[in-house]
Amino acid sequence: MNEENTALVESIAESVAASVAESVAESAMGISEDQESSSSPAGTKARLGGNAESSGVETNNGVGAETASSANETTQNTQAQTAQASSTQAQTAPTPSSQAQTPAVKTSGAGFAGTHGALHLDGTKLVDQNGDPIQHYGMSTHGLAWFPDYVNYDGFQTLRDDWNTNCVRLAMYPHEYGGYCTGGDQNNLKSLVRTGVDAATDLGMYVIIDWHVMQEQDPNVYKEQAKSFFQEMSSTYADHTNVLYEICNEPNGSTSWSSVKSYAEEVIPVIRANDPDAIIIVGTPTWCQDIDKAKADPLDFDNVMYALHFYAGTHKDVLWNRLDSCVQNGLPVFISEFGMCDASGNGANDFNSTENWFNVIERYNLSFCCWNLANKNESSSVISPSCSKTSGWSENELSEAGKWIRNYFRNK
């Protein structure tokens, strides 16, 4: 080939490369703008119809008894397109390695959660984005597979506006009937979690995604499934500052703290890879009573809290003295579940004992969630069994426990 033809070919090649690079860059920019637009909280009220029926019973021998689906798929597809565009751009028109990368922008949502934003720990204290102490208090759902209808925007709005709560906990069982790892509809269960997170986000509430370990006793039984689940959830909500992760509800039986700790040491890094600073709650042995074991050998991660659960009809001064001692000695505790009745989730309510518990809770400004938001015919459910409504409950549609805890919330 002569020199004139060689120059012509090189000129054409350079022109084509420049044109491709410019087109890819414009496409990637458009995708980035679409991502930013889709990161805002969903505005549609998520509702589920029908009446809930209990398909299982939580047996607590020691302590306690799609709308976002398509959006998630769109986000994942967008991320894949962005990655592909970036790869193509790198091949056609490499950028200097010193070019600044745009950090991911987190959303704080609206209302209470929007005001307080991202959380972190200051010693034993849970604090907001300004470093001010914050207390979460609200309701835990019952098992999502059994009482799905209570995961709805209007019900959460009732909890926020009428009950004066700022947090909701989404309890998803891995093991029991309809459980995530025992034949339950995983896609439906994840959709319920997304519905709950979206509703809470729209309402400016904090929300806990709870892997509700119970009858399997040791969280390591479904460790790989938990890792996969929390990888997906933390990837989906990496830009949310109102989402907390509870990675094992109530280890029990002969499960030791060392076993729980080894589980946590594998699951926490999965979440941290997507969300480096989210609050993570870790359950403790004996149905979340052995917080002293965690105090003696804590996990080596930031922003980790340890769960204590109590049922006031059963657990008295021994356990609240343990709580007092552990907090005084530097253990960050989150009471992610409690009830006014006995440890079975049933029996008589002991409101005097509950008040003694709240003396300790309020002394340290601890966060807490009450078990449970359902109309199951047991003492710990806050809705009367005769009430089929899933939102807008009047006082006479509440159980004895429901009336008491609603009044407590409203007076905070």
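No value in this document is a laboratory result; all are computed from the given coordinates. These numbers were taken from a predicted model, which means no experiment stands behind them. For neighbour counting, all protein chains shown are included, and Cβ atoms are generated from backbone atoms with ideal geometry for every residue, glycine included.
Scalar couplings 3J(HN,Hα) for segment 369-382, obtained by applying the Karplus form with A = 6.51, B = -1.76, C = 1.60 to θ = phi - 60°, are 10, 8, 9, 8, 8, 6, 10, 4, 7, 8, 4, 7, 6, 8 Hz; x denotes Gly and Pro. A simple rule links phi to the HN-Hα coupling: the Karplus curve 6.51 cos²θ - 1.76 cosθ + 1.60 with θ = phi - 60°, which for segment 348-358 gives 6, 7, 10, 6, 5, 5, 4, 5, 4, 4, 6 Hz, with x for Gly and Pro.
Given their separation in residues at 0.36 nm each and the Cα-Cα distance between them, D277 and E395 gain 38.6 nm when the chain is fully extended. Each label point was placed 7 Å from the Cα along the Cα-to-Cβ direction; for S262 and S228 their separation is 2.2 nm. Viscosity 1.002 mPa s, temperature 20 °C: Stokes-Einstein D of segment 111-410 from its Kirkwood Cα radius, in µm² per second? Rounded, D is 114 µm²/s. Amide H to amide H distances under 5 Å link L244 with V207, I208, I209, where only residues 5 or more positions off or on other chains count and H is placed in the peptide plane. The peptide list 323-330, 273-280, put in order of mean Cβ contacts within 10 Å with the highest first, becomes 273-280, 323-330.
E176's amide H: which non-local residues (gap 5+, or another chain) put their own amide H closer than 5 Å, with H modeled 1.01 Å from N in plane and none for Pro or chain starts? HN-HN under 5 Å from E176: Q215.
Taking amide H as placed 1.01 Å from N in the peptide plane, Y311 has its amide H under 5 Å from the amide H of G339, each at least 5 places away in sequence or on another chain.
Label-to-label distance for V127 and N407 is 3.7 nm, based on points extended 7 Å past Cα in the beta-carbon direction.
Between T115 and F301, what is 0.36 nm times their sequence separation minus the Cα-Cα distance? Round to one decimal in nm.
Extra length from T115 to F301 when fully extended: 64.3 nm.
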